[in-house]
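Chemist: Quick one: the structure is below, questions incoming.
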Amino acid sequence: IRKAKAYIAPTDFAGQTTQYIFRIQKKIKTIHYGLSLEQFQNNAPAEFEKGLILYIGTLIRKKGVLELPAIFEKVLQHHPQAQLVLIGGDSYDLQTQSPSTWALIQQKMPQILQNRIKYLGKVPYREIQAYIKKANVCIFPTFAETLGMVTIESMAMQKAVVNSNIGWAVELIDDGVNGFLVHPQNHSLFAQRIIECISDVDLCLKIGSEARLKVEQKFDIQQKVQENIDFYLEVLQN
């Protein structure tokens, strides 16, 4: 790190945090990750499973998955037919030394949730888009992230997203415009945003449409490639 001539971070948040931790004096350039937008298409955004809530990511404490039972229980009070699907690898929990975070989630699940939550484990990446298309709303209650590619991928697929509001997230989503930002421990509000997406189809579709526009404007891989090239040339010329 000390020998580097320049630095790039995927978000302002990641750059500022890195700069503070390592006491870097130089300015860190933010260049967001990008998507090949043609690979993330949803030609029928109005076709989805009503009440299907999707989480994609590693099952690990820092991703906020242990907040999900409390959030989902509140959703079921309004939509008893809702279903929560979890996709991603299970992981060791450092705090409790449990070999399985999924086991910890199950311990937090009252009887009413047990038939409404499905954990599918790892799913091949090529199949993920099919699950996103079926979802009514995608949720990412994470506490720690540098950017959150799966959030952007879901937005590109015109999905309403309820996301953590911590640090990096404000660079991805304009709250209430192209998604929702809520602190993961605010279970009531997190649940309320999910309920709104399930209850109001027009709102859900509008948020999804705006989400796609946001990704096109800010996370197009073609723009990101050029930004990288321009920055590299600037560094080499100085």
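Chemist: Cut-off 10 angstrom, C-alpha nodes, Gaussian network model of the chain. Which of Lys63, Lys122, Lys26 fluctuates the most?
Modeler: Comparing Lys63, Lys122, Lys26 in the GNM, the peak value goes to Lys26.
Chemist: Next question. Name the residues whose placed amide hydrogens come within less than 5 Å of the amide hydrogen of Phe143, ignoring near sequence neighbours (fewer than 5 apart) on the same chain.
Modeler: Lys63, Gly64
Chemist: Given an 8 Å cut-off on Cα distances and at least 6 residues of separation, report the relative contact order of the chain as a percent.
Modeler: This gives 24 percent for the chain.
Chemist: Return the carbon/sulfur percentage of the accessible area of the stretch 147-238, one whole number, probe 1.4 Å, all protein chains in place.
Modeler: After summing per-atom areas, the C and S share lands at 51 percent.
Chemist: Collect residues whose amide H, placed 1.01 Å from N in the peptide plane, falls under 5 Å from the amide H of Gly88; neighbours closer than 5 in sequence don't count.
Modeler: Long-range HN contacts for Gly88: Gly57, Leu120, Gly121, Lys122, Val123.
Chemist: Please work out the Cα center distance from the stretch 68-88 to the stretch 109-186, rounded to the nearest Å.
Modeler: 13
Chemist: I've got another one for you. How high is the relative contact order of the stretch 157-211, in percent, with contacts defined as C-alpha pairs under 8 Å that are six or more residues apart?
Modeler: Once divided by the residue count of the stretch 157-211, the mean separation gives 47 percent.
Chemist: Looking only at the chain, where both bridge partners belong to it, what percent of the DSSP beta bridges are antiparallel (to the nearest 5)?
Modeler: 5
The values are calculated or read from the model by the stated rules, or taken from the named source; none is laboratory data. No experiment lies behind these values; they were computed from the predicted model shown. Protein only, heavy atoms only, side chains kept; ligands, DNA and RNA dropped before computing areas. Shrake-Rupley method; radii C 1.70, N 1.55, O 1.52, S 1.80 Å.
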